[in-house]
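The values are calculated or read from the model by the stated rules, or taken from the named source; none is laboratory data. Predicted, not measured: the structure shown is a model, and the values here were computed from it. Don't worry about glycine lacking a Cβ; one is built from the backbone with ideal geometry, like all the others, and counts go over all protein chains shown. Remember, those area values only see protein heavy atoms, side chains included, never the ligands or the DNA or RNA. Shrake-Rupley method; radii C 1.70, N 1.55, O 1.52, S 1.80 Å.
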Amino acid sequence: MAQPPSAFQDRSSQPSAQVNPADLANVGIDQRLDQQVPLDLQFKDETGKTIKLGDYFQSGRPVILNMVYYTCPMLCGEELAGEASALGVLRFTPGKEYEVVSVSFNPDETPKDAADKKKIYIDRMNERLDTKTDGSGWHFLTGQPEEIKQLADAVGFHSAAILIVTPQGRIAQYYYGVEFSPKDIRLGLIEASRNKIGTVVDQVLLYCYHYDPKTGRYGAVVTNMMRLAGAATILILGGFLIVMYRRESHDPRKGTGRA
């Protein structure tokens, strides 16, 4: 089995009986928030076609990006499996509301390696999706050392993580580990799209929850939740008073002297 280049040595190549997600948080990741991803880099997709990374940003949709090692027996496989499971319950469809781009950091891997892995993880994602996808929105890429290094440097790679990138190609968020929260990813995609996707309920959640770069998760903003609760209380009380006023003003017994 081909080994990843030493410049991008993966922890999964070291002997390990089990991957512990708690050990992976923030390991080997230098956050580059708002960094511009080099969209002119060329790779090959899973069909062998040469593409530019920027091709996946022309739709104006946010992009989930990660760098993996397709023939890795442990860590990267766990990461892709966790990603596929999370995307399967996201209630968004890749290729419709967002794109997914997985890039191999091993230049020895081929489009066939990418195609083989794509089938596995698209099938896994479809096990949970209500609306099945043909996989056209999740792209598995391979490339040459120079392009791989440039992308790795731009995103602050390396260990287990997925990134959300804005439609303009700027890094918005990082999520660490091999298991990912569908709620956090959904909110991250909505925020990166500048609210062009999602629902009114999502907007309320974004008001109450903010992304914390230190934890790579969304956390509650207590002051905003209290403001929202206070506004809701005022609306409920106001509505109650209006109903009572109208009921009293239309009471036929009013002014008749009858009890």
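Can you give me the number of residues within the range 178-196 that are farther than 13 Å from residue 87 by Cβ and aliphatic (A, V, I, L, M)? Of the residues in the range 178-196, 4 are farther than 13 Å from residue 87 by Cβ and aliphatic (A, V, I, L, M). Return yes or no: is residue 135 among the small types (Gly, Ala, Ser) and open to solvent by less than 20 Å² (accessible area, probe 1.4 Å)? When the stated conditions are applied, residue 135 passes them. Of all residues in the range 222-234, one or more are at pLDDT below 70, more than 22 Å from residue 33 (Cβ to Cβ) and touching a helix residue (DSSP H, G or I) at 6+ places or on another chain (Cβ under 7 Å).
Yes or no, residue by residue, for (1) within 30 Å of residue 31 (Cβ to Cβ); (2) small (Gly, Ala, Ser); (3) under 22 Å from the mean Cα position of the chain (by Cα):
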| site | (1), (2), (3) |
| --- | --- |
| 104 | yes, yes, yes |
| 107 | yes, no, no |
| 114 | yes, yes, yes |
| 130 | no, no, yes |
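Going through the range 67-124 one residue at a time, which ones are closer than 16 Å to residue 162 by Cβ, in contact (Cβ under 8 Å) with a residue 40 or more places away in the chain and touching a Pro at 6+ places or on another chain (Cβ under 6 Å)? Matches in the range 67-124: 69, 86, 89, 90, 98. For the range 48-63, a residue qualifies if it is assigned to a strand (DSSP E or B) and buried (at least 20 other Cβ atoms within 10 Å of the Cβ), and exactly one does: 63. Would a scan of the range 20-43 turn up a residue that is β-branched (Val, Ile, Thr), modelled with pLDDT of 95 or more and either under 23 Å from residue 119 (Cα atoms) or surrounded by fewer than 19 Cβ atoms within 10 Å (Cβ to Cβ) (or both)? No, the range 20-43 contains no residue that is β-branched (Val, Ile, Thr), modelled with pLDDT of 95 or more and either under 23 Å from residue 119 (Cα atoms) or surrounded by fewer than 19 Cβ atoms within 10 Å (Cβ to Cβ) (or both). When 162, 148 are checked against the criterion of being under 19 Å from the mean Cα position of the chain (by Cα), within 27 Å of residue 30 (Cα to Cα) and open to solvent by less than 20 Å² (accessible area, probe 1.4 Å), a single residue qualifies: 162. Annotation: of all residues in the range 192-210 being within 21 Å of residue 35 (Cα to Cα) and surrounded by fewer than 21 Cβ atoms within 10 Å (Cβ to Cβ), the one that is modelled with the highest pLDDT is 193. Remark: residue 66 falls outside the filter, which requires a residue to be open to solvent by less than 20 Å² (accessible area, probe 1.4 Å), in a loop (DSSP other than H, G, I, E, B) and closer than 22 Å to residue 38 by Cβ.
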